Amino acid sequence: MKLYKLTAGTLLESENGIFLGPELDWDQLLGRENLPKLLKSEAAHWEKISFEKAEELKEEGLLAPWEIRKSGQLA
């Protein structure tokens, strides 16, 4: 699972696909327990996008990538 902070929102890459969501409060988000489960739940309400669209969004405004292990720890 990878989480990207974009100028236009948040991008989540997971085994279920690639999702575009709203801007998130990263300080608050990273302090949460069981982050992968939380993100999976949130992504159900986000827009599912193609790999090509995700690459385009990252090129336009990537701010910071995060890789989240299943344990919830940042890689």
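The values are calculated or read from the model by the stated rules, or taken from the named source; none is laboratory data. Everything numeric here is computed off the predicted structure, so don't read it as measured data. Every residue, glycine among them, receives a Cβ derived from its backbone with ideal geometry; neighbour counts consider all protein chains shown. Protein only, heavy atoms only, side chains kept; ligands, DNA and RNA dropped before computing areas. Shrake-Rupley method; radii C 1.70, N 1.55, O 1.52, S 1.80 Å.
Quick notes on this one:
- Sulfur and carbon atoms: percent of accessible area, segment 1-68 [1.4 Å]: 46
- Sparse-neighbourhood loop sites, trypsin sites (Lys or Arg not before Pro) in segment 15-52 - DSSP loop, at most 16 other Cβ within 10 angstrom: R32
- Calculated from backbone phi, Karplus (6.51, -1.76, 1.60) coupling profile of segment 47-63 in Hz, x at Gly/Pro: 7, 7, 10, 7, 4, 4, 5, 4, 4, 4, 5, 5, 5, 6, x, 6, 9
- Inter-label distance, nm, simple model (7 Å from Cα along the C-beta direction), K58/Q28: 2.7
- Note on segment 1-58: Rg/Rh from C-alpha atoms, Kirkwood Rh, equals 0.94.
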